[in-house]
Amino acid sequence: MAIALAAGLAGACSTPAPTSEPVSPAAPAPAAGAERGRLALWVLCEGSQRVLEHPEKIPALLDDAQALGASDLFVQVHRGGRAWFESSLADAAPYARMREAAGGADPLRQLVAAAHARGLRVHAWVNVLSLASNRTAPALAALGSGAVQVDRRGRSVLDYPQLELPAPERTLLRMGTPAVWLDPGAPGVAELAARTYAELVTRYPELDGLHLDYIRHPDVLPFSPGARFGVGLDFGYGAASRARFERETGLAAPFRDDLRNANAWDDWRRASVTATVRGVADAARAARPGLLVSAAVWAYPERSYLSLFQDWPGWLDDGLLDFAVPMVYTRDDRLLGYELRSYAGLDSRRIWSGLGAWLFASEPARAAAQLEAARSAGLGGAALFSWDAIADAPALRAALEAEARDGG
């Protein structure tokens with residue numbers, strides 16, 4: 001999500017200057033009555049609406065969802081190491097506060113039951129490897145500071161000032177999403193994630209899905225194409241991760257300006273992220289058979305694969321995900337069209353395009369046009385970020401509702 005949105009999603013796509021060009025559709029518009037795919041809304045736990053903390057807003061959420069033609073809700077329940085659900089592994093203080101405010105009721109259960117009564121599916125949206133700015137998260141107490149991401153120069157992100165790169169590098173490089181990031185290659189990180197989300201779906205078996213976010217390495221601008229060129233900045237160089245790589249491969253781990261075995265190192269870091277996805281998916285499905293597992297992912301597969309070690313097309317191929325939601329957040333309509341067309345070579349019916357509706361609060365017709373292009377692209381669905389932004393902008397909501405009526 002955009003850097004300015006502290007409560008947003010992982011992985012904001014760069015947003016080129018606005019263009020008056022019409023959206024370039026990824027495929028010809030479907031024939032009348034053809035399947036246009038599903039539509040999801042992301043619902044923030046710490047956005048403007050805070051629906052779990054204010055369950056009296058649940059009817060408004062569901063009214064909007066139905067008016068927009070939505071079929072699915074991605075409801076955020078785990079962010080910054082804190083839980084808006086009953087948990088013994090995450091910081092459940094938000095859950096305790098919302099239960100107290102609701103007179104002992106569980107607003108998440110209330111939301112799921114009310115959504116099901118209206119034919120909507122609910123997916124628990126969880127931030128996996130980002131702890132936001134929470135330096136006291138239970139995960140750090142359990143795993144130690146060695147589980148936090150370390151950059152190529154040997155610096156932990158815990159030592160970054162305000163979780164941003166120190167000067168003078170800050171003039172050349174920028175953290176796309178400043179946060180305390182866990183290293184999936186560090187011992188215990190993947191296992192703790194799997195246990196946490198298995199606990200979630202066990203305690204809430206009525207959930208339809210588990211929606212993973214921040215399941216990657218940190219992004220840095222400009223992007224580094226992995227370790228092999230020795231340029232830019234990348235992560236995963238903690239002592240425990242390097243030792244594990246050397247033990248498992250018999251190779252010396254690259255560090256600082258050492259480029260030996262860089263390709264093997266990149267492969268290993270990518271495999272560590274995939275192993276985390278596999279562990280979470282396996283544990284969640286074992287605890288709740290039939291559960292849908294999805295992920296919000298970086299929109300550009302090559303950049304995702306090389307720079308963030310997030311091989312989401314491979315996750316689809318291997319069945320780790322039921323569907324992926326690449327976040328195509330851009331004001332450039334031509335770029336949106338190119339990106340939608342690029343998914344044609346993948347398992348397109350298991351791809352839902354994630355759109356940045358918030359970008360068009362003052363230009364609602366453009367948001368509706370992007371949604372129409374995405375829903376005409378032959379993909380499995382689309383998702384709008386976010387319900388909070390739509391609820392805050394009546395004109396935006398009206399334009400998207402009109403698209404649902406006219407296009408549905």
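Within the range 198-240, track down each residue that is out of contact with any Lys or Arg (no Cβ under 9 Å at 6 or more places or on another chain), in contact (Cβ under 8 Å) with a residue 40 or more places away in the chain and among the β-branched types (V, I, T).
Residue satisfying the conditions is I215 alone.
Would you mind stating whether F235 is of a type in the set (F, W, Y) and buried (at least 19 other Cβ atoms within 10 Å of the Cβ)?
Yes, satisfied.
Somewhere in the range 309-317, is a residue closer than 24 Å to V293 by Cβ, modelled with pLDDT under 95 and of a type in the set (A, V, I, L, M, F, W, C)?
No; the residues of the range 309-317 include none that is closer than 24 Å to V293 by Cβ, modelled with pLDDT under 95 and of a type in the set (A, V, I, L, M, F, W, C).
Does the range 198-215 include one or more residues that are in a loop (DSSP other than H, G, I, E, B), buried (at least 18 other Cβ atoms within 10 Å of the Cβ) and on the phi > 0 side of the Ramachandran plot?
yes
Which residue, of A389, A382, is under 21 Å from the mean Cα position of the chain (by Cα), crowded, with 23+ Cβ neighbours inside 10 Å and over 30 Å from T274 (Cα atoms)? Before the answer, list the steps.
Numbers: A382 fails: over 30 Å from T274 (Cα atoms).
Going through A389, A382 in turn, the sole match is A389.
So which residues in the range 310-331 are in contact with a strand residue (DSSP E or B) (Cβ under 9 Å, 6 or more places away or on another chain), closer than 22 Å to W265 by Cβ and outside any helix (DSSP H, G or I), if there are any at all?
Q310
A quick yes/no check of all residues on (1) closer than 18 Å to S304 by Cα; (2) in contact (Cβ under 8 Å) with a residue 24 or more places away in the chain; (3) in contact with a Ser or Thr (Cβ under 8 Å, 6 or more places away or on another chain):
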site: F323; (1), (2), (3): yes, yes, yes
site: S342; (1), (2), (3): yes, yes, no
site: D347; (1), (2), (3): yes, yes, no
site: I351; (1), (2), (3): yes, yes, no
site: A357; (1), (2), (3): no, yes, yes
site: R366; (1), (2), (3): no, yes, no
site: E372; (1), (2), (3): no, yes, no
site: A377; (1), (2), (3): no, yes, yes
site: G380; (1), (2), (3): no, yes, yes
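Show the residue pairs meeting these rules: Cβ distance below 9 Å; 6+ apart or different chains; first residue within the range 97-123 and free of Cβ contacts under 8 Å to residues at least 24 places away in the same chain; second residue loosely packed, with under 14 Cβ neighbours inside 10 Å.
Cβ pairs passing all conditions: R99/A105.
Is it true that Q76 is closer than 28 Å to R375 by Cβ, in contact (Cβ under 8 Å) with a residue 24 or more places away in the chain and in a strand (DSSP E or B)?
So Q76 passes the test.
Take the range 376-408 and flag every residue that is touching a helix residue (DSSP H, G or I) at 6+ places or on another chain (Cβ under 7 Å) and closer than 17 Å to R331 by Cα.
Of everything in the range 376-408, those that are touching a helix residue (DSSP H, G or I) at 6+ places or on another chain (Cβ under 7 Å) and closer than 17 Å to R331 by Cα turn out to be A382, L384, F385, S386, A389, I390, L396, A399, L400.
So that you can scan it fast, the table gives a plain yes or no per residue for (1) of a type in the set (S, T, Y); (2) within 22 Å of L320 (Cβ to Cβ); (3) at pLDDT 95 or above:
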{"position": "H211", "(1), (2), (3)": "no, yes, yes"}
{"position": "F223", "(1), (2), (3)": "no, no, no"}
{"position": "R242", "(1), (2), (3)": "no, no, yes"}
{"position": "R247", "(1), (2), (3)": "no, no, yes"}
{"position": "G250", "(1), (2), (3)": "no, no, yes"}
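Kindly establish whether P184 is part of a loop (DSSP other than H, G, I, E, B) and touching a His at 6+ places or on another chain (Cβ under 9 Å).
yes
For the subset of the range 238-265 comprising residues that are surrounded by fewer than 20 Cβ atoms within 10 Å (Cβ to Cβ) and small (G, A, S), which member is farthest from S156 (Cα to Cα)?
Result: G250.
When you scan the range 298-309, how many residues do you find that are in contact with a Ser or Thr (Cβ under 8 Å, 6 or more places away or on another chain) and not in a loop (DSSP other than H, G, I, E, B)?
Selection size over the range 298-309: 3.
Go through (1) surrounded by fewer than 22 Cβ atoms within 10 Å (Cβ to Cβ); (2) assigned to a helix (DSSP H, G or I); (3) touching a residue at least 60 places away in the same chain (Cβ under 8 Å) for L336 and report which single condition fails.
Answer for L336: the failing condition is (1).
Can you go through R170, R152 and tell me which one is free of Cβ contacts under 8 Å to residues at least 40 places away in the same chain and not hydroxyl-bearing (S, T, Y)?
After applying the criteria, what remains is R170.
The values are calculated or read from the model by the stated rules, or taken from the named source; none is laboratory data. Computed from a predicted structure; not experimentally measured. Counting neighbours? That spans all protein chains shown, and the Cβs are built from the backbone with ideal geometry, glycine included.
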